[in-house]
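Colleague: This is the structure I have questions about; it appears just below.
The values are calculated or read from the model by the stated rules, or taken from the named source; none is laboratory data. Here the structure is a predicted model, which is why all the values come from computation and not from measurement. Every residue, glycine as well, gets a Cβ built from its backbone with ideal geometry; the counts of neighbours run over all protein chains shown. Calculation scope for accessible area: heavy atoms of the full protein, side chains included, ligands and nucleic acids excluded. Shrake-Rupley method; radii C 1.70, N 1.55, O 1.52, S 1.80 Å.
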Amino acid sequence: MKNIVLTGFMGTGKTTVGRILAKELGMKLVDIDEEIETENALSICDIFKEYGELAFRDKETEMAKKVSAKGGLVISTGGGIVLREENIACLRQNGLIVCLMATPETILQRTKGTTDRPLLKVENPYERIKELLAQRSACYRSADIAVETDGKSPVVIAQEITEYWKTVC
Ligand code: S3P
């Protein structure tokens, strides 16, 4: 069976929706960031701090390749997975790419108060979110399906994805 690969900006709900989807469909959830943290025995923040973003991106690519080799998974990715085409190419070989979308305002609300996102540890997170979204929007839009998440609960979002999944799997 193919994988369901959740992409999207930070705070679009990939991990929460992934957990619900996996339970509903009886599939295993794999979170790429969590796998990287476990393999390195370090948080994402500490990996950024100690080795820098480029080293994190290399670990992300390596993990994307590793999980793509398996099937029947719900794969939750980090928001920057789309930055390297090779990541999406390998995840797509055996997976449906589902991108969760949200406005910068919603993303700000959902990420406010969280401390585990090194890229948002800046004076003006709202500006940063808008800037990164602008840089990445074409990459997110290249998904097989895009799901708007503004004003929807994770359960409703998971239902929308499940309905689509059942028509294509
Ligand atoms: C990142 C998103 C984070 C994490 C890292 C970088 C990004 O994951 O991979 O901090 O570049 O957008 P979440 O999208 O799960 O927050």
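Colleague: Can you give the convex hull volume of the alpha carbon atoms of the chain per residue, in Å³?
Modeller: 106 Å³
Colleague: Moving on to the next point. For L29, enumerate residues with amide H under 5 Å from its amide H, sequence gap 5+ or separate chain, H modeled in the peptide plane.
Modeller: Here the answer is V74, since their amide H atoms fall under 5 Å of that of L29.
Colleague: Is the shape of region 62-160 rounded, prolate or oblate, going by the alpha carbon gyration tensor and its root eigenvalues a ≥ b ≥ c, with a/c under 1.5 for rounded and a/b larger than b/c for prolate?
Modeller: Prolate, because a/c is 1.5 or more and a/b exceeds b/c.
Colleague: I've got another one for you. Take the chain, connect every pair of alpha-carbon atoms lying under 10 Å apart with a spring to form a Gaussian network, then pick out the residue of A143, A41, A22 with the largest mean-square fluctuation.
Modeller: A41
Colleague: Could you grab the relative contact order for region 37-169? Cα pairs under 8 Å, six or more apart, rounded to a whole percent.
Modeller: So the answer I get is 25 percent.
Colleague: Same structure again: Return one whole number: the accessible area per residue of the chain in Å², for a 1.4 Å probe.
Modeller: That works out to 51 Å² for each residue.
Colleague: Can you order the peptides 147-153, 70-76, 81-87, 11-17 by their average number of other Cβ atoms within 10 Å per residue, highest first?
Modeller: 11-17, 70-76, 81-87, 147-153
Colleague: For region 86-116, list residues with backbone N below 20 Å from a point placed 7 Å from the Cα of K66 toward its Cβ?
Modeller: Those under the cut-off are 86-95.
Colleague: Still on this structure, I have one more. Taking the Cβ of C45 as the centre, find all other residues whose Cβ is under 13 Å away and add up their charges (Lys, Arg: +1; Asp, Glu: -1).
Modeller: After counting each charged neighbour, the total is -3.
Colleague: Could you size up the charge dipole of the chain around its Cα centre, putting +1 on the beta carbon of Lys and Arg and -1 on that of Asp and Glu, and report it in debye to the nearest 20?
Modeller: In debye, rounded to 20, the chain gives about 360.
Colleague: What number, rounded to the nearest 500 deg cm²/dmol, is the helix-based mean residue ellipticity at 222 nm of the chain, given -39500 (n - 2.57) per DSSP H run of at least four residues and division by all its residues?
Modeller: -17000 deg cm²/dmol
Colleague: Just the number, please: carbon plus sulfur as a percent of the accessible area of the chain, 1.4 Å probe, no ligands or DNA/RNA counted.
Modeller: Its accessible area is 51 percent carbon and sulfur atoms.
Colleague: Here's something else I'd like to know. For region 40-48, in order, what is each residue's ³J(HN,Hα) by Karplus, 6.51 cos²θ - 1.76 cosθ + 1.60 with θ = phi - 60°, in whole Hz (x at glycine and Pro)?
Modeller: For region 40-48, the Karplus-derived couplings read 9, 6, 9, 6, 4, 4, 5, 5, 4 Hz, x marking Gly and Pro.
Colleague: Follow-up. Which ³J(HN,Hα) values, rounded to whole Hz and listed in residue order, are derived for region 108-124 from phi using the Karplus coefficients 6.51, -1.76 and 1.60 in 6.51 cos²θ - 1.76 cosθ + 1.60 with θ = phi - 60°, glycine and proline given as x?
Modeller: 4, 4, 6, 9, 4, x, 7, 10, 9, 10, x, 6, 9, 7, 9, 4, 10
Colleague: By how many nm would the segment from E24 to C45 lengthen if fully extended, with 0.36 nm per residue of separation less the alpha-carbon distance?
Modeller: So the extension gain works out to 4.5 nm.
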